[in-house]
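All remarks here apply to the structure that follows.
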Amino acid sequence: MKKTLSFLVAALIPFFLLMSAIRILFNPFYLQIEYRAPNFPPDPYGFTTAERLEWGRISILYITQGHELSYLADQRLPNGQQLYNERELSHMLDVQIVFLNMVTAWWILAAILLILGLLAWRLNTLTAYIQGILTGGWATLGLIAAILIAVALSFRQLFTLFHKLFFSGDSWLFEFSDTLIRLFPLRLWQDAFILVGVISAIGGLLCLLIGRSLLKKLKS
C-alpha cells in the first residue's frame, strides 16, 4: 500500500506542476512581458504593440473565461474587418476546449493529491507520501530537461508534435497574414515553452526541498 501511494503521488506531481505552469502563463500579463521583450518580432502587417496587447488580451480572456464564440466573432478591427476569420475562430474554439479540459484535469489532480495526503496522514504513512513528492520532483526535472532539450534542438518539430496531439488535421495551420499568427508568432510560443519549463522546474525543486525538510522532521 505504501509503495502504491508513493507511486501515485510521484506519477501525478509532474503533470500537476506542468499544468500549473501553463495556467500561470495563460494570462494577459504574459503578453505584457513578451511583446515588450528585446528583439521580439514586430508585426509586419501593421499591428502596434498597444493593438497586440488589446487583441491578445481579448483572445486570452475568451480562452480562459469560457466565453461564447460570439465574443470573438463580434470583435472588429478599426477598418471594420473581423478580428478572426472563420478558420481562426474554429481553432480558437478548439484551444478553449483543450484549455478548459486541462483546467478541469488540474483541479482533479489537486483534489487527488490532497485526498492522498489526508489518507496518508490518517493511515500514518506520511513518509511514503513525502517520498512520492520527492520522486515526483525528480521526475519533473527529468521531464522538463527533455522538453527544453527538444526546444533547443528543434522547436518547430516539438510545436508541430504538440498540435498533432491536441488538434485534428491541419486546423492549426495559418497564413502569416492571419491575425492569429500576427498576435501569437512562433517566438511567443517558443518563449512560452521555455517559461513553462522553468516554472515547472522551480516547482520540482520546491518538491525536493520541502520533501526533504518534511522527512527530516518526521524522522526526528
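Residue-level analysis places L206 among those that are assigned to a helix (DSSP H, G or I), among the aliphatic types (A, V, I, L, M) and within 16 Å of F15 (Cα to Cα). One residue stands out in segment 173-182 among those that are among the hydrophobic types (A, V, I, L, M, F, W, C) and in contact with an Asp or Glu (Cβ under 8 Å, 6 or more places away or on another chain): the one that is farthest from D43 (Cα to Cα), namely F174. Residues that are open to solvent by 70 Å² or more (accessible area, probe 1.4 Å), within 16 Å of L18 (Cβ to Cβ) and in contact with a Leu (Cβ under 8 Å, 6 or more places away or on another chain) occur in segment 195-212; there is at least one. One residue stands out among those in segment 43-66 that are exposed (fewer than 14 other Cβ atoms within 10 Å of the Cβ) and free of Cβ contacts under 8 Å to residues at least 24 places away in the same chain: the one that is farthest from the chain's Cα centre (by Cα), which is G46. Contact annotation: residue pairs with Cβ atoms under 7 Å, 6 or more positions apart or on different chains, pairing a residue in segment 88-100 that is open to solvent by 30 Å² or more (accessible area, probe 1.4 Å) with a partner that is of a type in the set (S, T, Y), are S90/S171; D94/S171.
From the list Y84, Y71, the one residue that fits, being surrounded by 11 or more Cβ atoms within 10 Å (Cβ to Cβ) and not in a helix (DSSP H, G or I), is Y84.
Listed here are the residues, each with its yes/no results for (1) under 22 Å from E34 (Cα atoms); (2) in contact (Cβ under 8 Å) with a residue 12 or more places away in the chain; (3) among the β-branched types (V, I, T).
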residue	(1), (2), (3)
F155	yes, yes, no
A201	yes, yes, no
I210	no, yes, yes
L218	no, yes, no
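Restricting attention to segment 119-145, the residues that are in a helix (DSSP H, G or I) and within 15 Å of M1 (Cβ to Cβ) add up to 10. Any chance segment 173-181 includes a residue that's closer than 26 Å to F7 by Cα, β-branched (V, I, T) and surrounded by 13 or more Cβ atoms within 10 Å (Cβ to Cβ)? Looking through segment 173-181, none of the residues is closer than 26 Å to F7 by Cα, β-branched (V, I, T) and surrounded by 13 or more Cβ atoms within 10 Å (Cβ to Cβ).
Assess whether T140 counts as being over 23 Å from the mean Cα position of the chain (by Cα) and farther than 27 Å from P41 by Cβ. Criteria not met by T140.
Taking segment 101-113 on its own, how many of its residues are open to solvent by 50 Å² or more (accessible area, probe 1.4 Å) and under 17 Å from F167 (Cβ atoms)? So the answer is 1. For segment 5-42, filtering for residues that are within 15 Å of the chain's Cα centre (by Cα) and not basic (K, R) leaves 18.
Annotation note: of F7, F29, the sole residue that is open to solvent by 70 Å² or more (accessible area, probe 1.4 Å), closer than 19 Å to Y62 by Cα and part of a helix (DSSP H, G or I) is F29. With respect to the conditions (1) within 30 Å of F15 (Cα to Cα); (2) outside any helix (DSSP H, G or I); (3) small (G, A, S), G46 lacks only one, and its number is (1).
The values are calculated or read from the model by the stated rules, or taken from the named source; none is laboratory data. These numbers were taken from a predicted model, which means no experiment stands behind them. FYI the Cβ positions are ideal-geometry reconstructions off the backbone, even for glycines, and counts take in every protein chain you see. These accessible areas exclude ligands, DNA and RNA; they are computed on the full protein's heavy atoms, side chains included. Shrake-Rupley method; radii C 1.70, N 1.55, O 1.52, S 1.80 Å.
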